[in-house]
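Sending over a structure as structure tokens; questions will come in a sec.
Rule-based calculations on the coordinates, nothing more; no lab input. Fair warning: this is a prediction, and the values are worked out from it, not measured in the lab. A quick note on method: Cβ atoms are made from the backbone with ideal geometry, for glycine too, and the neighbour counts reach across all protein chains shown.
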Amino acid sequence: MLSRLSPLTTLLLLALLALAGCRMDTPDVAPDALAQAPAEPPKDTPAQQAERGDGAVSTDTLAGGARKADDALPTEWPTAQVASGTAHVSCQADYTTEDGDGVPLQSLAFFSVVDALSPCQKGGVLRLRYQGKIAADFTDLVKRVADIADRMGIHKRILDLDSAGGQVEDAIRAGDAIGASGWTIWVREGSVCHSACVFVLGAGDNRMISGKVGVHRIIRMSSTATTRSELNEELRGVYDRVKDYLSRNGVAVAVADLMMTVPNRRLRLLSKDELQEYGLDGTNAAQDDLDRLQLMRRCGADFVNRRDAFMRSFDAECKTAGAGLDEMQACGLELRGRFQFPDAKCPADSPLSEFDRLADVETAPEDAASAPGPEAGTAH
């Protein structure tokens, strides 16, 4: 089972974003008013986005289900590249550093992905920045990056997302792959996640939102309907699949009902309270339940109880208004001793274990020859 970006790690990253001025400020007006009068005029209307394939477009049926987490892709992957948007790989959680969004990734050939991710192997953290439409090549992107990250032991993964939407079925396929491979999804300030992108957002283990999230009605491009009744019958099947997908990812199925009420030429922006109410912001409830059960089996009930007590104390003592990232880290590291962390049995699962790993990396001698490379799968 992959180590996942802990809620505390997410909290520290959020603190870093706050220090950089990354904050979601929602005016005291109705979400629809925000959609009708945004602070910055959108480049295209939702209808224009839908015409070029953005939005929430349904064109086919889902077949074959999600790829199993242990079903590794072969070394000789089918030819593919990022064509519906742009992708960059960074080994830093924050984009305000000198490296910015990192190196571009267009070719999805095996060794192209290996080359892009290799610098991230030492620190065990990668951030994948994607800007563009949700389509089949986006699904290929997240699957292949996750596969190589698995082989390299890079388990801290952030999908830095900016998308106006796209194909519903591709969003669900990508979401199932994301849900099986341990991603935190970040919609940073100035970015958006609209329409079909919301299905991708729902799949993250943790969701961090500083940008705008919006929904509208799914467009059935392949419809043969000639009456409203026929169209609704077609859409009912699509929405049933959407509701099943949302449910298994810990997102309220009310999101699908809300989408049905918003014409596709408009956009309904979700407020911060709504994002939390619908289960689209913060920790994924379904994944949190699974992680808790696995952690209890692996480390015992006492460990889980101590970890929960640590988290409550961290919120009360370290997460104070105006506290800088360094102060929060120092407070958290000092707090660990009170709750007997790092734990001898489960050091990697202990709170702030990433700082232990970082210390090991910094004190270890440079030995590139000893660093494990990605394991090749079976060629097909």
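Using 14 Å as the cut-off for backbone N distance, which residues of region 234-249 belong to the label zone defined by a point 7 Å from the Cα of Leu293 along Cα→Cβ?
Inside the label zone: 248-249.
Return the whole-Å distance between the Cα centroid of region 171-213 and the Cα centroid of region 113-154.
Going from one Cα centre to the other spans 15 Å.
Further question: How would region 248-331 be classified by its alpha-carbon gyration tensor: rounded, prolate or oblate, with rounded meaning a/c under 1.5 and the a/b versus b/c comparison settling the rest?
Oblate shape, in that a/c is at least 1.5 and b/c is the bigger or equal ratio.
Which order, highest average first, do 149-161, 248-260 follow once you tally other Cβ atoms within 10 Å for each residue and take the mean per peptide?
On the way: 149-161: 22.5, 248-260: 18.1.
The peptides rank, most packed first, as 149-161, 248-260.
Sequence-distant or interchain residues sharing an amide H contact under 5 Å with Gly166, placed H: which?
Close amide H contacts, sequence-distant or interchain: Gly55, Ala56, Val57, Ile134, Ala196, Cys197.
Now for a different question. Using the Cα gyration tensor of region 145-189, with a ≥ b ≥ c the square roots of its eigenvalues, what is the shape: rounded (a/c below 1.5), prolate (a/b larger than b/c) or oblate (neither)? List each step's numbers first, then the result.
On the way: a/c = 2.73, a/b = 1.41, b/c = 1.93.
It comes out oblate by the Cα gyration axes.
Taking amide H positions as placed in the peptide plane 1.01 Å from N, state which residues far from Thr283 in sequence (5 or more) or on other chains have amide H under 5 Å from it.
Arg207
Once phi is turned into ³J(HN,Hα) by the Karplus curve 6.51 cos²θ - 1.76 cosθ + 1.60 with θ = phi - 60°, what whole-Hz value does each residue of region 155-165 show in order, with x for glycine and proline?
Values per residue, Gly and Pro as x: 9, 9, 10, 10, 9, 8, 10, 9, 8, 8, x Hz.
Using modelled backbone amide H atoms (1.01 Å from N, in-plane), which distant-in-sequence or interchain residues come within less than 5 Å of Trp183's amide H?
HN-HN under 5 Å from Trp183: Asp205.
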